[in-house]
Amino acid sequence: MQKLFRTALILVVACAGSVAWAETKIAVMDTQTVLFKSLAAEDATNQLRELLAGHQTRLKELEQGVSTRQSRLETDADILTEEEKQNFVKEINAYQSEMARINAQIQQAQQKSRSEFIRYYQPAISSIVEDYVAGEQIDVVLDSQAVLWNATLTDITQPVLEAFDQRFTDSHSNATDE
């Protein structure tokens, strides 16, 4: 009798849980798209590009220097002395070393910028999502990149991206008005 009671209780709980689950409104959102396809990301990218313009210019100069010296080594190999060849090789190595250092600085600046961007804008996106799900009566939002299969879930990426862009535009127009 006790086994029968436990089994019945488990069935009741399971049925009640599945009814509650069936009434749960779930949506998905691609957080990366909202963050990095936004007007804020475009603005941050432009600012970073301006900040790194000197590094990019220097890289182009170094690449040209390497190319010129390699070309000269190939075309004038017969008439260059061993000392001249060694000097060209040293210059090429020095240029490549400086290029590697500059590339590392650029990557570090990009990573730092990305981290700061996420840290700065994540609260705004969370607030927008909270407002949106409250208005749409959504109970759970999953990151779409974590969902393996989705047949019927609502995708809120685009409306959240639009709200984020609007908030960014509004905050920038308010900042320029002051």
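Long hydrophobic helices in the chain: the complete DSSP H runs spanning 27 Å or more by Cα along their own axis with mean Kyte-Doolittle hydropathy of at least -0.5 are 2-23. The LYS25 and SER97 beta-carbon pair, evaluated with R₀ = 41 Å, returns a calculated FRET efficiency of approximately 0.10. When the charge dipole of the stretch 75-136 is built from unit charges on Cβ atoms (+1 for Lys and Arg, -1 for Asp and Glu) and taken about the Cα centre, the candidate among SER126, GLN96, ILE79 whose Cα reaches farthest toward its positive end is SER126. Positive-end ranking of THR152, THR31, PHE168 along the dipole of the chain, with charges on Cβ about the Cα centre, is headed by THR152. Counting lysine pairs in the stretch 23-171 whose alpha carbons fall under 26 angstrom apart, excluding pairs fewer than 8 residues apart on the same chain, gives 4. Once the chain from ALA53 to LEU73 is taken as fully extended at 0.36 nm per residue, the excess over their C-alpha distance is 4.2 nm.
Counting neighbouring beta carbons within 10 Å and listing from fewest to most, the residues SER38, SER127, SER113 come out as SER127, SER113, SER38.
Dividing the helix sum by the residues of the chain, where each DSSP H run of 4 or more adds -39500 (n - 2.57), gives a mean residue ellipticity at 222 nm of -27500 deg cm²/dmol. Only Lys, Arg, Asp and Glu carry charge here, each on its Cβ (+1 for the first two, -1 for the last two); on that basis the stretch 23-171 has a dipole of about 380 debye about its Cα centre. Cβ crowding within 10 Å, taken as a proxy for footprinting-reagent exposure, orders MET99, MET29 from fewest neighbours to most as MET99, MET29.
Taking the inverse of the mean reciprocal distance over all distinct Cα pairs, the Kirkwood hydrodynamic radius of the chain comes to 21.9 Å.
Every read-out reported here was derived from the displayed coordinates using simple, explicitly stated rules and does not represent laboratory data. This is a predicted model, so every value here is computed, not measured. Note that we place each Cβ from the backbone using ideal geometry, even for glycine, and neighbour counts take in every protein chain shown.
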